[in-house]
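Report on the structure given below.
The values are calculated or read from the model by the stated rules, or taken from the named source; none is laboratory data. Please read these numbers as outputs of a predicted model, since none were measured by experiment. Here the Cβ positions follow ideal geometry from the backbone for every residue, glycine too, while neighbour counts run over all protein chains shown.
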Amino acid sequence: MKTSYIFIDFENVQPKDLALLKGREYKVMIFVGATQAKLPTEFAIAAQALGLAAEYVQIDGSGRNALDFHVAYYLGSTATAAPS
């Protein structure tokens, strides 16, 4: 079974629930901006419940579209590493 990837730009999208992803073939990458100091506890617990299927990517730099460029980079790297 192939793995599906979900990229979350947490500056713009804050999902309330990740429970539907648990136990499925998903890899979730959560991109957090340099100025985001806090995540909602409920979301952090839901992401933690996914275990190794969830990963936070904290961006050090800031500026216009900085997070978007990182998402684009990771999307390209993932597509190259796992073309299926």
From the residues in the range 24-54 that are of a type in the set (D, E, K, R) and in contact with a helix residue (DSSP H, G or I) (Cβ under 9 Å, 6 or more places away or on another chain), which one is modelled with the lowest pLDDT? Arg24
Looking at (1) touching a residue at least 60 places away in the same chain (Cβ under 8 Å); (2) of a type outside the set (Phe, Trp, Tyr); (3) in contact with a helix residue (DSSP H, G or I) (Cβ under 7 Å, 6 or more places away or on another chain), find the lone condition where Thr3 falls short. (3)
Suppose we keep only residues that are within 16 Å of Pro15 (Cβ to Cβ) and without any contact (Cβ under 8 Å) to a residue 12 or more places away in the chain within the range 39-53. Which one would you say is surrounded by the fewest Cβ atoms within 10 Å (Cβ to Cβ)? Thr41
Residues of the range 19-34 classified as within 26 Å of Thr3 (Cα to Cα), in contact with a strand residue (DSSP E or B) (Cβ under 9 Å, 6 or more places away or on another chain) and not in a helix (DSSP H, G or I), total: 10
Counting only residues that are touching a Lys or Arg at 6+ places or on another chain (Cβ under 9 Å), outside any helix (DSSP H, G or I) and within 21 Å of Ser4 (Cβ to Cβ), the range 35-68 contains a total of 3
Given the conditions (1) surrounded by fewer than 10 Cβ atoms within 10 Å (Cβ to Cβ); (2) modelled with pLDDT of 90 or more, and given that Ile8 satisfies all but one, which numbered condition is not satisfied? (1)
If we keep only residues of the range 21-43 that are among the hydrophobic types (A, V, I, L, M, F, W, C) and touching a Phe, Trp or Tyr at 6+ places or on another chain (Cβ under 9 Å), then the residue nearest to Val71 (Cα to Cα) is Phe31
Hey, Tyr5 on the phi < 0 side of the Ramachandran plot and assigned to a strand (DSSP E or B) or not: yes
